[in-house]
1. Taking 22 Å as R0, compute the FRET efficiency from the Cβ-Cβ separation of Ile161 and Leu135 and round it to 0.05.
2. Any idea of the accessible area per residue across region 26-85, 1.4 Å probe, to the nearest Å²?
3. Amide H neighbours of Tyr77 under 5 Å, at least 5 residues apart or on other chains, H built in the peptide plane: list them.
4. Can you pull the percent of region 36-174's accessible area that's carbon plus sulfur, 1.4 Å probe, other chains left in place?
5. For the chain, what does -39500 (n - 2.57) per DSSP helix run (n ≥ 4), summed and divided by total residues, give at 222 nm, in deg cm²/dmol to the nearest 500?
6. Taking the Cβ of Gly53 as the centre, find all other residues whose Cβ is under 13 Å away and add up their charges (Lys, Arg: +1; Asp, Glu: -1).
7. Can you compute 3J(HN,Hα) from phi for each residue in region 61-77, using the Karplus curve 6.51 cos²θ - 1.76 cosθ + 1.60 with θ = phi - 60°, rounded to whole Hz and x for Gly and Pro?
8. For region 1-143, report the translational diffusion coefficient in µm²/s to the nearest whole number, using Stokes-Einstein at 25 °C, 0.890 mPa s, and a Kirkwood Rh over Cα pairs.
Amino acid sequence: MNASEALGRLKSLRVPAATTADAAAVLGLSGTATSHLLKRLGRAGLVTPLRKGVWALAERPDRLALAEYLTAPYPAYLSLQTALYQHGMIEQIPSMIYLVSLARGARVATTLGTYSVHYVQPSSRGRMFASLPELELPPAFRRRAAREWIQRIPSKRLKTIVTQRLDEVLARAA
């Protein structure tokens, strides 16, 4: 199998990234042969190494779509300053991509940028991002929808805390 055919098969998966093991299974090659093939494709700029054994398959990978591949097998999502910036709530461009995950906290440097992974348990309350003085609500912000989301919080105590914080943010925005 040549590199072009292998790349076509990998792209037919229609996923932003794949592990070497996944690629080996799709291509029907050994792990070693697949690793060499992916390294050749990487040198040609056709795939991008993310971390050991994980490769972005797009020619121009979307840095924001790769969160879960960097923390696998644990889930992850964009959060903190990255999410606020993406939603137009702060103007300052984050220096790295912030992820929240069940994976161990770490900084992951890739050729696409640096990811800051923050370990969060559902019950944890960190103070690192407690104060966001530069927060700006976009014109399309729906206060009623925010309050409806707060009502979905099962913990009465947490619901009260979040309501108070929302009221503080809304008062500053007025």
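The values are calculated or read from the model by the stated rules, or taken from the named source; none is laboratory data. Bear in mind the structure is a predicted one, so any value in this text is a computation, not a measurement. Every residue, glycine as well, gets a Cβ built from its backbone with ideal geometry; the counts of neighbours run over all protein chains shown. Accessible surface is based on the protein model in full, side chains and every heavy atom, while ligands, DNA and RNA are left aside. Shrake-Rupley method; radii C 1.70, N 1.55, O 1.52, S 1.80 Å.
1. Details: r = 17 Å, r/R0 = 0.77.
With R0 = 22 Å, the Cβ-Cβ based efficiency is 0.85.
2. Working: 3310 Å² over 60 residues.
With all protein chains present, region 26-85 gives 55 Å² per residue.
3. The answer is Val100.
4. Values: 5090 of 9460 Å².
C and S fraction of accessible area: 54 percent.
5. Values: 7 runs with 68 residues, N = 174.
Mean residue ellipticity at 222 nm (helix-derived): -11500 deg cm²/dmol.
6. +2
7. My calculation for region 61-77 gives x, 7, 4, 7, 8, 9, 3, 5, 6, 7, 10, 3, x, 8, x, 8, 8 Hz in order.
8. So the translational diffusion coefficient is about 146 µm²/s.
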